[in-house]
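A.B. asks: Quick one: structure below, then a few questions.
The values are calculated or read from the model by the stated rules, or taken from the named source; none is laboratory data. Predicted model only: the values in this text are computed from it and were never measured. Cβ atoms come from the backbone with ideal geometry, glycine included; neighbour counts cover every protein chain shown. Each accessible area value is taken on the protein alone, full model and side chains, heavy atoms only, with ligands, DNA and RNA left out. Shrake-Rupley method; radii C 1.70, N 1.55, O 1.52, S 1.80 Å.
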Amino acid sequence: MFEESLSKSRVETRINTAVKPEHLYLIVKRAADIILSGIGLILVAPILLIVAVLIKLDSKGPVFLDQKRIGKDGKMFRIYKFRSMVDHAEDVLMELMENDPAIKEEYTTKKKLENDPRVTKIGKFIRKTSIDELPQLINIFLGDMSLVGPRPYLAMEIEDMGLTYFTIIKMTPGLTGPWQVAGRSNIGFRERCAIDCRYYKDRSLKDDFKIILKTFKVVLGRKGAK
């Protein structure tokens, strides 16, 4: 009798756990990620091929950016993104900062350059249109990323993230997210971290859908893209 009661209790516990709003949210979100990223990859395959050829013709170097980002639980993953800068862009940046104090100050303060000389001709176009981020559909399909979530941060940014790091890594990074629709590169780094933390607290399928809709508006208007 005791064993039967214990077994029944375990089943009820599993059912109650399974239907928790947060768990349901994550299950539905992951299912949507797999289905939509799979369909998306099929639809944009011709565009990916054309852009890959243009990048090779425009400048020397690999088609994809060779870079790792911070994923869920702090796990590092390789992000699939079209290369929009010259090859060995980090080395070029170091040289620019050594030779130009103004560039050094700007990058140290903002972690980006308003008119970055490292960006290639085709790179300017794919950045403005956000085409450079389309290969991240692969990351979404694999589970490294989601359609909606905080944009994946760099390892070198962990120190500047401060305590917000521990909240942000509770989420799977997204192809788009609250930062994208709030102003993107027009927003400072600390404000970006704060926005991502607020998203974690209030996230829902309804809000994710709103972010996706707003993303199309931002991309078409090229707002905040650099």
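A.B. asks: How large is ³J(HN,Hα) for each residue in the stretch 177-182, as worked out from phi by the Karplus curve 6.51 cos²θ - 1.76 cosθ + 1.60 (θ = phi - 60°), to whole Hz, x for Gly and Pro?
C.D. replies: Residue by residue, the stretch 177-182 yields x, x, 5, 4, 7, 8 Hz.
A.B. asks: Note down the magnitude of the dipole of the chain about its Cα centre, charges +1 on Lys and Arg C-beta and -1 on Asp and Glu C-beta and zero elsewhere, to the nearest 20 debye.
C.D. replies: In total the dipole reaches around 780 debye.
A.B. asks: Another question, if that's okay. For the chain, calculate the relative contact order in percent as a whole number, restricting contacts to Cα pairs under 8 Å that are 6 or more residues apart. Present the calculation step by step, with values, prior to reporting the outcome.
C.D. replies: Numbers: 269 pairs, mean separation 46.5, N = 226.
The value is 21 percent.
A.B. asks: Hey, what's the chain come to in accessible area per residue, 1.4 Å probe, Å²?
C.D. replies: 62 Å²
A.B. asks: Whenever you get a sec, compute what percent of the accessible area on the chain sits on carbon and sulfur atoms (1.4 Å probe).
C.D. replies: Carbon and sulfur together cover 62 percent of it.
A.B. asks: With every protein chain kept in the model, how would you rank D144, D196 by accessible area, 1.4 Å probe, largest at the top?
C.D. replies: Working: D144 55, D196 0 Å².
Sorted descending by solvent-accessible area, the residues read D144, D196.
A.B. asks: I want to check the label-to-label distance for E159 and N186. Put each point 7 Å from Cα in the C-beta direction and report it in nm to one decimal.
C.D. replies: Here the modelled spin labels are 3.1 nm apart.
A.B. asks: Let me ask you something else. The stretch 100-164: which trypsin sites (Lys or Arg not before Pro) are DSSP loop and have at most 14 other beta-carbon atoms within 10 angstrom? Each step should come with its number before you reach the end.
C.D. replies: Details: sites: K104, K110, K111, K112, R118, K121, K124, R127, K128; in loops: K111, K112, R118.
Answer in residue order: K111, K112.
A.B. asks: I would also like to ask the following. Charges only on Cβ, +1 for Lys and Arg, -1 for Asp and Glu: so what's the dipole of the stretch 91-168 about the Cα centre, in debye to the nearest 20?
C.D. replies: For this selection, approximately 420 debye.
A.B. asks: May I ask you to compute the full-extension gain from E90 to K206, defined as 0.36 nm times their residue separation minus their alpha-carbon distance, rounded to one decimal in nm?
C.D. replies: Fully extending the segment from E90 to K206 adds 37.9 nm.
A.B. asks: Based solely on its DSSP helices, what 222 nm [θ] is calculated for the chain when runs of n ≥ 4 H residues each add -39,500 (n - 2.57) and the sum is averaged over all residues, nearest 500 deg cm²/dmol?
C.D. replies: Mean residue ellipticity at 222 nm (helix-derived): -19000 deg cm²/dmol.
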